[in-house]
Amino acid sequence: MLDLQRLRALHAVSVHGTVGAAAVALGYTSSAVSQQIAKLERETRTVLLEREGRGVRLTDEAHQLVRAARELIAIVERAETELEERRGVPAGRLTVAAFASAARGLMPPVLADLARRHPALDTRLTEIDPHLSVDLVAKGAVDLVVAHDWDIAPLPAPAGVEQAVIGDDPCDLLVPEGHRFAGRTAVRREELGGERWICQPPGRVCHEWLVRTLRTAGHEPEIVHQADENPTLVALVAAGLGIALIPRLGRGPLPAGVVEVPLDPVPVRRLYALWRTGAARRPAIAETVRALGAHWPEVSAHAPHSPHSPR
């Protein structure tokens with residue numbers, strides 16, 4: 001008999017790419033995941049993982065087992081959904097993936113709300129970049145995703161995945177005090193040429209939006225500093241090292257020396273909740289989507305602004 005937990009471990013490695021990343025997603029240690037797969041190898045008398053540099057590669061036999069695991073996990077998910085639906089209350093484990101600023105600015109009150117209202121529901125949060133998370137929910141690696149898109153880069157919903165809009169998150173231009181834009185009530189995109197930019201690395205949605213937008217306006221962006229976290233970007237602006245375009249959600253209070261200036265038109269990223277169609281009837285999914293929508297107006301209304309900004 002094949003053990004479902006061991007198949008889950010192998011499936012997680014195939015989705016996340018490494019044993020360590022699979023362990024984080026499953027809430028285990030790396031050694032526990034390795035032990036599960038080692039036991040599966042002994043039971044099947046098959047080599048499933050091979051070393052490749054610092055990582056691992058799944059063998060052909062492993063890929064065959066992963067396909068079977070995906071089907072079994074889907075069957076279990078349907079059974080759990082039907083049981084939870086019959087009970088009529090959110091229960092069991094719900095895994096949620098959210099991008100960094102949503103994990104920081106939106107998820108804490110949502111998770112606290114769910115814990116207070118539904119003690120039988122065990123919600124687990126993982127921080128994952130949005131361009132990766134949609135694929136994870138489609139493959140069954142997580143139950144629900146909070147992701148975002150921009151006007152020039154719409155978020156694709158794969159087949160078998162449903163989505164709901166949570167809300168819109170405006171973005172502002174952040175500049176050092178004394179900058180030529182610091183006293184302005186608004187700045188047009190056509191005026192952004194010749195600036196030194198601070199932004200996220202290539203591959204991030206915010207980076208791609210900035211590059212495309214400036215090129216559309218006739219400017220080639222000079223990106224001088226790159227960092228993953230928004231607080232780091234803000235600190236670099238405060239040091240006078242460049243300007244940045246940063247969304248309000250999860251940004252935190254702006255330090256002295258940083259001025260917030262609106263762009264015209266205002267860039268907006270839209271937040272979504274996504275889940276698999278097969279789990280749509282699950283009360284835990286419906287209640288989490290409700291909580292996200294219910295908390296968004298308060299969270300977005302209290303997004304801090306710089307006291308030095310023109311308002």
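So the values come out like this:
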| item | result |
| --- | --- |
| All Cα pairs of the chain, percent lying beyond 36 Å | 29 percent |
| Solvent-accessible area per residue for the chain (1.4 angstrom probe, square angstrom) | 48 Å² |
| Backbone HN-Hα couplings from phi across region 240-246 [Karplus 6.51/-1.76/1.60, Hz, Gly and Pro as x] | x, 8, x, 10, 8, 10, 9 |
| From the C-alpha gyration tensor of region 1-79, square roots of 5λ in Å | 18, 15, 12 |
| On Cα atoms only, tilt of 283-301 relative to the major axis of the chain in degrees | 10 degrees |
| Rounded, prolate or oblate (a/c below 1.5 giving rounded, otherwise prolate when a/b exceeds b/c) for region 147-297 by Cα gyration tensor | prolate |
| Contact order normalised by residue count of the chain, Cα under 8 Å, 6+ apart, percent | 22 percent |
| ³J(HN,Hα) computed for each position of region 159-173 - Karplus, 6.51 cos²θ - 1.76 cosθ + 1.60, integer Hz, glycine/proline x | 4, x, 10, 9, 9, 9, 6, 8, x, 10, 10, x, 10, 10, 7 |
| Estimated FRET transfer efficiency when R0 is 25 angstrom, pair residue 217-residue 238 (beta carbons, to 0.05) | 0.45 |
| Neighbour-limited loop hits for trypsin sites (Lys or Arg not before Pro), region 179-252 (at most 12 other Cβ within 10 Å; DSSP other than H, G, I, E, B) | 180 |
| Pairwise FRET efficiency - residue 1 versus residue 227, Cβ, R0 = 51 Å, nearest 0.05 | 0.55 |
| Of every Cα-Cα pair in region 219-311, the percent that sits beyond 21 Å | 49 percent |
| Cα-based Rg / Dmax (Å) for region 54-184 | 19.5, 64 |
| Value at 222 nm in deg cm²/dmol, rounded to 500, when DSSP H runs of n ≥ 4 in the chain each add -39,500 (n - 2.57) | -13000 deg cm²/dmol |
| Estimated vicinal HN-Hα couplings, Hz - region 109-116 in sequence order (Karplus 6.51, -1.76, 1.60; Gly, Pro = x) | x, 5, 5, 5, 4, 4, 5, 6 |
| Residue with peak Gaussian network fluctuation, the chain [Cα springs, cutoff 10 Å], from 96, 211, 234 | 211 |
| Inter-centroid distance (Cα atoms) of region 119-198 relative to region 56-110, Å | 23 Å |
| Surface share of carbon and sulfur [accessible, 1.4 angstrom probe, percent] for region 156-281 | 52 percent |
| Using alpha-carbon coordinates, inclination of helix 60-87 to the longest axis of the chain, degrees | 80 degrees |
| Gyration tensor verdict on region 45-122 (Cα atoms; rounded if a/c is under 1.5, prolate if a/b is larger than b/c, oblate otherwise) | oblate |
| Equivalent ellipsoid, region 130-231 (semi-axes from 5 times Cα gyration tensor eigenvalues, Å) | 31, 14, 13 |
| 0 to 90° range, to nearest 10: angle between helix 205-216 axis and the chain longest Cα axis | 40 degrees |
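The values are calculated or read from the model by the stated rules, or taken from the named source; none is laboratory data. Just so you know, these numbers come straight off a predicted model, no measurement behind them. Heads up, the Cβs are rebuilt from the backbone with ideal geometry, glycines too, and the neighbour counts pull from every protein chain shown. Quick note on the areas: whole protein, heavy atoms, side chains included, nothing else; ligands and nucleic acids left out. Shrake-Rupley method; radii C 1.70, N 1.55, O 1.52, S 1.80 Å.
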